[in-house]
1. With respect to Ala178, determine if the residue is assigned to a strand (DSSP E or B), open to solvent by less than 10 Å² (accessible area, probe 1.4 Å) and either more than 30 Å from Val75 (Cβ to Cβ) or not β-branched (Val, Ile, Thr) (or both).
2. Does any residue in region 144-170 that is under 21 Å from Gln111 (Cβ atoms) and open to solvent by 50 Å² or more (accessible area, probe 1.4 Å) come within less than 6 Å, Cβ to Cβ, of a residue that is assigned to a helix (DSSP H, G or I) and not hydrophobic (A, V, I, L, M, F, W, C) six or more places away or on a different chain, and which pairs are these?
3. So which residues in region 151-175 are part of a loop (DSSP other than H, G, I, E, B) and within 14 Å of the chain's Cα centre (by Cα)?
4. Quick one: in region 130-150, of everything that is over 14 Å from the mean Cα position of the chain (by Cα) and assigned to a helix (DSSP H, G or I), which residue is nearest to Ile66 (Cα to Cα)?
5. Looking only at region 49-61, which residues are of a type in the set (S, T, N, Q) and surrounded by 15 or more Cβ atoms within 10 Å (Cβ to Cβ)?
6. Out of Leu109, Leu143, report the one residue that is under 15 Å from Asn41 (Cβ atoms) and either small (Gly, Ala, Ser) or in contact with a helix residue (DSSP H, G or I) (Cβ under 8 Å, 6 or more places away or on another chain) (or both).
7. Taking Arg164 as the residue in question, decide whether it is under 22 Å from Arg236 (Cβ atoms) and not small (Gly, Ala, Ser).
8. Being at pLDDT 90 or above and more than 30 Å from Leu71 (Cα to Cα) narrows it down to one of Gln182, Gln200, so name that one.
Amino acid sequence: GVTPQHIVVVDNSPLSDPPLDLSDDVHVVRMENRGYAAAANHGVTVLSQLPGSRALTVVASHETRISAAALKMLVGAMSDEQVAAAGPTLMIDGTGEVWSTGGYFSRWLHQADHRRALAAPGTPPQDREWLDGALVLYRTELLSRFRFDESYFLYFEETDLHVRLSRAGHRVVWVPDAVCHQRSSGIPPRLLGRNTMLFQARHFNRWTGRVTIVVAMARAVARKTITGRGRWGESREILDGLREAEQALRGGGST
């Protein structure tokens, strides 16, 4: 649903890898791997320098598949001028399982988690506290003005952005009938601990961040003990991430 001339692919794979073999009309930009947020911000900057104007911009990760029909539904949600970001129903590619129908924060700890309940066909866009960053349609002007926070490197940067957009008076919505597919292996334990703490400290408070991380560590141990899934070292890696975030928040290291 998008012409190649309006597509920018940011390739942050190792610079020693061969260049991507794509259509000559697609703009491919190579850069060092500074994470999802840096790549998205750079892609938006490159788009802004190309001829023509674009009221809306899709930001998508490399493992996502979208149809023209689903994209059209996301565009339709933007008819409400209060909507700053619109996201689809995300399915796990090849399994038929629901990955995300938008996200929410738990009541007491403000822990970020996915919603996975589907809606009846024809259900209008639903407000969400955040959307999964695998594929989101944004208003270009807001995306250029707010930008992703690059300090997260990977994971939580879209959650951070959507909270900032909501607090500025904009809507973030899930479009139930727009269905996309993606592959995801979840968040690495160290980044879970690190980025949970950075996010909580910036938007809520450090104490809820610490408690949330303790809960995540307990879950990792329980999951391994009861189901055999995961690794015994996951809780330790979560704790390492927490320590890294605490050091950064004290100004003793880079975020």
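The values are calculated or read from the model by the stated rules, or taken from the named source; none is laboratory data. Everything numeric here is computed off the predicted structure, so don't read it as measured data. Cβ: placed from backbone, ideal geometry, glycine included. Neighbour counts: every protein chain shown. With ligands, DNA and RNA removed, areas are computed over all heavy atoms of the protein, side chains included. Shrake-Rupley method; radii C 1.70, N 1.55, O 1.52, S 1.80 Å.
1. Details: assigned to a strand (DSSP E or B): yes; open to solvent by less than 10 Å² (accessible area, probe 1.4 Å): yes; either more than 30 Å from Val75 (Cβ to Cβ) or not β-branched (Val, Ile, Thr) (or both): yes.
Here the answer is yes, as Ala178 does meet what is asked.
2. Leu154/Tyr36; Tyr155/Asn195
3. Step one: list which residues in region 151-175 are part of a loop (DSSP other than H, G, I, E, B), which gives 153-156, 168-170.
Scanning region 151-175 gives Phe153, Leu154, Tyr155, Phe156.
4. Of the residues in region 130-150, the ones over 14 Å from the mean Cα position of the chain (by Cα) are 139-142, 144-146.
Among the residues that remain, those that are also assigned to a helix (DSSP H, G or I) are: 140-142, 144-146.
Numbers: Thr140: 19, Glu141: 23, Leu142: 23, Ser144: 23, Arg145: 26, Phe146: 25 Å.
Selected residue: Thr140.
5. Restricting attention to region 49-61, the residues satisfying the condition of being of a type in the set (S, T, N, Q) are 49, 53, 57, 61.
Residues satisfying the conditions are Thr57, Ser61.
6. Values: Leu109 fails: under 15 Å from Asn41 (Cβ atoms).
On inspection, the qualifying residue turns out to be Leu143.
7. Numbers: under 22 Å from Arg236 (Cβ atoms): no; not small (Gly, Ala, Ser): yes.
No.
8. Numbers: Gln182 fails: more than 30 Å from Leu71 (Cα to Cα).
Step by step, each of Gln182, Gln200 is checked, and only Gln200 is at pLDDT 90 or above and more than 30 Å from Leu71 (Cα to Cα).
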